[in-house]
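Some notes on the structure that comes next.
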Ligand code: HEM
């Protein structure tokens, strides 16, 4: 109830319950005098305690720890002959963005400098709806079939018995998954411990489709190049910093934007025609491989600048929902089976983590009109009413056949086709290893040794055999650093995958 006493306060600042009632006292519960027995009629106390009990939502099952900011994307190059995407339709065109960076394996409170890929998720609020590019700071990934993803993530998280990180599981999975070698070599180099989020590149990682107004298809890869320059920590610096400031990257992003030092990235694409994609030396839809820049050079697209901090971390960063399947006309997914599965997995996770109406929250809400027949569910804030069905006679929203993306051919049997590990799978990690400077190689071997030495001996041998297959010098140096018998490593390296795995199973 208002009275002259409460009215004397600044009306803007009055403390209220969530239903707007002015709170008379926020320091003392409503009780009897002696002894003090709490009354159930203290609605302020009840609301505070019960709301508090519901403050947490499940953290992201992966990429739980991160930071984010808003900014803009500006087109710098006319690529309309490759895509009719509205946000790329004119040089100088600006689109609002929200970007979230993250580590992958750790929990929400984990250290930012952990050895891990970094998430690099970009939401473009285009006139044609949101477009999410949900990538990492690495151009490749560990696996190429989504059916392996839950197993892979289990090995990077805590052991279900000890609740501790498990070096056996970590290396067991990699050593039994040789297609991971390209990404493992990056992860174990100093690229695995970037100096904050500002000093790293971002990649769409998969190959995506672009199509133009004539419905001609192209296959493209995204590269966001940092304008701050690449900077990485050594293993020892990263470990030390994890203790001194576990929030190093989140703080670095926040502080730099607060100080007006707006981080920026230049976006490039590699573009292939369908014929070039089909005739490339390997499967361009295999996410464990890069497309060589000497074959398909980087073409500039635009510039991404982050210049605005969220007002409320929980609302805007924690509840942000990205999905690789969130695309706009002019862009499409591709015949990459892992991308296809990712496209359904993220919104499923978000219906559990945030709720079915996550896209009504300010950070996720498209800036263009949203019209459909979906209604209700937890926390709906929809203003639309009837009709809630289609077709109808009331001039409700209609689909537009003109936005249908071009189709592409598929052939063959529906079956569980394996993507077998072939010698070509070792070509790129070999090239990468040999591109490293002497110091980078030394750090790589050291970083591997401090981690792999904690795994069981048979796993150390199996993994080192993979390093040896990748490159003799690489494998030899890891073996020597770990004190392994090089002859045994060599013998394992000459075996077939099945023989090597059988030989190194636990007795
Ligand atoms: C089959 C493989 C994969 C599956 C099933 C998968 C699944 C998921 C799921 C369920 C989430 C949490 C979503 C949420 O709660 O909002 C997530 C987050 C994320 N994933 Fe993946 N993922 C896969 C591979 C990848 C790859 C290859 C990349 C990068 C190239 C990637 C980048 C990310 C990023 C950046 C986030 C965090 C997005 C954010 O900041 O909210 N994931 N992933």
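No value in this document is a laboratory result; all are computed from the given coordinates. Since we're looking at a predicted model, the values are computed, not measured. Don't worry about glycine lacking a Cβ; one is built from the backbone with ideal geometry, like all the others, and counts go over all protein chains shown.
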Which length gain, in nm to one decimal place, applies between residue 394 and residue 31 when the Cα-Cα distance is subtracted from 0.36 nm times their residue separation? 124.9 nm
Contour minus Cα-Cα distance for residue 416 and residue 61 (0.36 nm per residue): 125.2 nm
If packing is taken as the average count of other Cβ atoms within 10 Å, what order do 217-230, 50-63 fall into, highest mean first? 217-230, 50-63
Among 232-243, 271-282, 130-141, the order from most to least packed when residues are scored by Cβ within 10 Å on average: 130-141, 232-243, 271-282
Fewest to most neighbouring Cβ within 10 Å: what's the order for 323, 84? 84, 323
C-alpha center-to-center spacing [the stretch 439-491, the stretch 304-370] in angstrom: 40 Å
If you scale each eigenvalue of the Cα gyration tensor by 5 and take the root, what three semi-axes come out for the chain, rounded to whole angstrom and sorted largest first? 44, 32, 22
Inter-label distance, nm, simple model (7 Å from Cα along the C-beta direction), residue 437/residue 274: 4.6 nm
Residues 413, 188, 495 in order from fewest to most other beta-carbon atoms within 10 Å are 413, 495, 188
0 to 90° range, to nearest 10: angle between helix 248-258 axis and the chain longest Cα axis: 60 degrees
So what's the gap between the Cα centers of the stretch 376-435 and the stretch 52-118, to the nearest angstrom? 19 Å
Cβ-derived FRET efficiency at R0 56 Å, residue 505 paired with residue 309, nearest 0.05: 0.65
Note down the Stokes-Einstein diffusion coefficient of the stretch 449-507 in µm²/s, whole number, using a Kirkwood radius over alpha carbon pairs, 20 °C, and 1.002 mPa s. 193 µm²/s
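Extension gain residue 344-residue 93, at 0.36 nm per residue separation less the Cα-Cα distance, in nm?
Residue separation times 0.36 nm, minus the Cα-Cα distance, leaves 87.3 nm.
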What angle do you read, to the nearest 10 degrees and between 0 and 90, between the alpha-carbon axis of helix 337-353 and the longest principal axis of the chain? 30 degrees
Could you order peptides 116-127, 285-296 by the average number of other Cβ atoms within 10 Å of their residues, highest first? 116-127, 285-296
Over the chain, the sum of -39500 (n - 2.57) across DSSP H runs of at least four, divided by residue number and rounded to 500 deg cm²/dmol, gives at 222 nm -9000 deg cm²/dmol
Compute the long axis of helix 43-53 from its Cα atoms, compare it with the longest principal axis of the Cα atoms of the chain, and write down the angle in degrees, 0 to 90, nearest 10. 10 degrees
